[in-house]
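As structure tokens, the structure follows; a few thoughts come after it.
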Amino acid sequence: MPKPAPYLPLLTTHLTSSPTSTSITLTTLSTPPLSKTPLPRSRTVEFRGFFPTLNLHSSAIQSLKDQHIGLNPDIYESEMIALTTDKRMEKVQELESSGGVVEAVFWLREVGNQWRVRGKGVIIGDDIQGEKEREARGFVERGLRRKDTTTTGDGDGDGEWNWDRQVDMYFANHSPGMRGSFKNPPPGTPRSQQPENPELKLGQKVEDLKDKVARENFRVVVIRPEEVERLDINDPSNPIRTRWTAVRDGEEWEEVDLWP
């Protein structure tokens with residue numbers, strides 16, 4: 001079982017102190033069809049917490065209970081970054097074709113710190129649970145730590161922890177309008193092309209957490225850190241730069257202070 005990353009308490013504090021800075025610049029590698037040179041592709045995405053910890057909205061909890069899905073017990077923790085995406089987005093293909101090469105950057109203006117997280121990203125959420133899904137879940141599982149629940153209990157969980165319910169919880173934590181975006185026409189295709197599926201259109205709201213079309217496209221991205229850098233620029237005369245590198249699959253972390 002991996003040890004807690006030494007940087008995690010500070011990063012968590014910074015994120016808590018910067019409630020308006022929950023966006024991440026996510027960079028993947030793309031190899032165009034006519035080129036052998038990988039090109040960086042960056043976009044802004046929303047940070048969804050450290051997998052599998054979720055700050056569920058009250059409406060999400062109610063929907064999960066009303067639709068007889070329930071909640072996973074709160075028994076695992078990690079420093080793995082969670083995002084949500086549409087499987088039709090380019091970043092999904094880029095992660096799969098590059099072996100998961102990814103970098104996520106937080107610029108937390110309120111605390112004057114930048115955090116860079118380099119590692120491997122995988123995609124979970126495929127109902128079919130084929131080989132790729134099993135491999136992705138296994139990779140994420142190796143990064144999980146079981147919490148000590150002897151004094152805190154496991155929260156309001158319903159039964160055993162399972163992967164499908166965890167993905168359900170991420171989907172439920174979106175607003176109905178955001179859930180409906182997974183029934184949009186294929187992202188990045190020309191507007192002049194009408195979708196073959198008439199159920200794909202803009203502006204939909206989804207209340208059913210098992211909506212077949214939306215859930216076919218919904219995925220969770222989990223990034224397992226391999227190297228993390230913090231840059232503190234609060235004192236311009238003496239900026240602080242620190243790097244943490246995972247050793248032996250996260251069993252240990254090496255910390256080095258760097259010249260900025």
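The values are calculated or read from the model by the stated rules, or taken from the named source; none is laboratory data. As the structure is a computational prediction, the values presented were derived from the model and not from experiment. Because the Cβ atoms are built from the backbone with ideal geometry, glycine has one as well, and the counts that use them run over all protein chains shown. Each accessible area value is taken on the protein alone, full model and side chains, heavy atoms only, with ligands, DNA and RNA left out. Shrake-Rupley method; radii C 1.70, N 1.55, O 1.52, S 1.80 Å.
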- Message: Take the residues in the stretch 86-116 that are in contact with a Ser or Thr (Cβ under 8 Å, 6 or more places away or on another chain) and basic (Lys, Arg); name whichever of them is surrounded by the most Cβ atoms within 10 Å (Cβ to Cβ).
- Response: 91
- Query: Out of all the residues in the stretch 137-146, which are surrounded by 15 or more Cβ atoms within 10 Å (Cβ to Cβ) and not β-branched (Val, Ile, Thr)?
  - Reply: 137, 139, 143, 144, 145
- Query: Residues in the stretch 215-231: is at least one touching a Pro at 6+ places or on another chain (Cβ under 7 Å), in a loop (DSSP other than H, G, I, E, B) and either at pLDDT 95 or above or on the phi > 0 side of the Ramachandran plot (or both)?
  - Reply: no
- Task: Within the stretch 240-253, work out how many residues are in a strand (DSSP E or B), farther than 14 Å from residue 230 by Cα and not aromatic (Phe, Trp, Tyr).
- Result: 3
- Considering each residue of the stretch 79-122, count those that are among the β-branched types (Val, Ile, Thr) and over 19 Å from residue 249 (Cα atoms), and give that number. 5
- Query: Pick from the stretch 218-251 the residues that are of a type in the set (Val, Ile, Thr), in contact (Cβ under 8 Å) with a residue 24 or more places away in the chain and surrounded by 14 or more Cβ atoms within 10 Å (Cβ to Cβ): which of them is nearest to residue 173 (Cα to Cα)?
  - Reply: 220
- Note on the structure: Residue pairs qualifying under the 9 Å Cβ cut-off, at least six apart or on distinct chains, with the first in the stretch 34-63 being in contact (Cβ under 8 Å) with a residue 24 or more places away in the chain and the second being open to solvent by 30 Å² or more (accessible area, probe 1.4 Å) and aromatic (Phe, Trp, Tyr), are 51/76; 52/76; 52/161; 53/76
- Query: If you go through the stretch 98-116 one residue at a time, do you hit one that is aliphatic (A, V, I, L, M) and within 20 Å of residue 215 (Cα to Cα)?
  - Reply: no
- Message: Looking only at residues that are within 13 Å of the chain's Cα centre (by Cα) and aliphatic (A, V, I, L, M) in the stretch 106-135, which one is nearest to residue 50 (Cα to Cα)?
- Response: 117
- Query: Quick one: in the stretch 117-136, which of the residues that are assigned to a helix (DSSP H, G or I) and either open to solvent by less than 70 Å² (accessible area, probe 1.4 Å) or of a type in the set (Ser, Thr, Tyr) (or both) is nearest to residue 215 (Cα to Cα)?
  - Reply: 133
- Item | Residue, farthest from residue 145 (Cα to Cα), within the stretch 68-90, restricted to residues that are within 14 Å of the chain's Cα centre (by Cα) and part of a loop (DSSP other than H, G, I, E, B) | 87
- Query: residue 201 is checked against (1) of a type outside the set (A, V, I, L, M, F, W, C); (2) surrounded by 13 or more Cβ atoms within 10 Å (Cβ to Cβ); (3) in contact (Cβ under 8 Å) with a residue 24 or more places away in the chain and fails just one. What number does that condition carry?
  - Reply: (3)
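Let's see how each residue does on (1) more than 24 Å from residue 129 (Cα to Cα); (2) touching a Cys at 6+ places or on another chain (Cβ under 6 Å); (3) among the hydrophobic types (A, V, I, L, M, F, W, C):
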{"position": "176", "(1), (2), (3)": "yes, no, no"}
{"position": "190", "(1), (2), (3)": "yes, no, no"}
{"position": "196", "(1), (2), (3)": "yes, no, no"}
{"position": "203", "(1), (2), (3)": "yes, no, no"}
{"position": "206", "(1), (2), (3)": "no, no, yes"}
{"position": "223", "(1), (2), (3)": "no, no, yes"}
{"position": "229", "(1), (2), (3)": "yes, no, no"}
{"position": "253", "(1), (2), (3)": "yes, no, yes"}
- Message: Filter the stretch 174-209 down to the residues that are of a type in the set (A, V, I, L, M, F, W, C), over 23 Å from residue 56 (Cβ atoms) and touching a strand residue (DSSP E or B) at 6+ places or on another chain (Cβ under 8 Å) and list them by number.
- Response: none
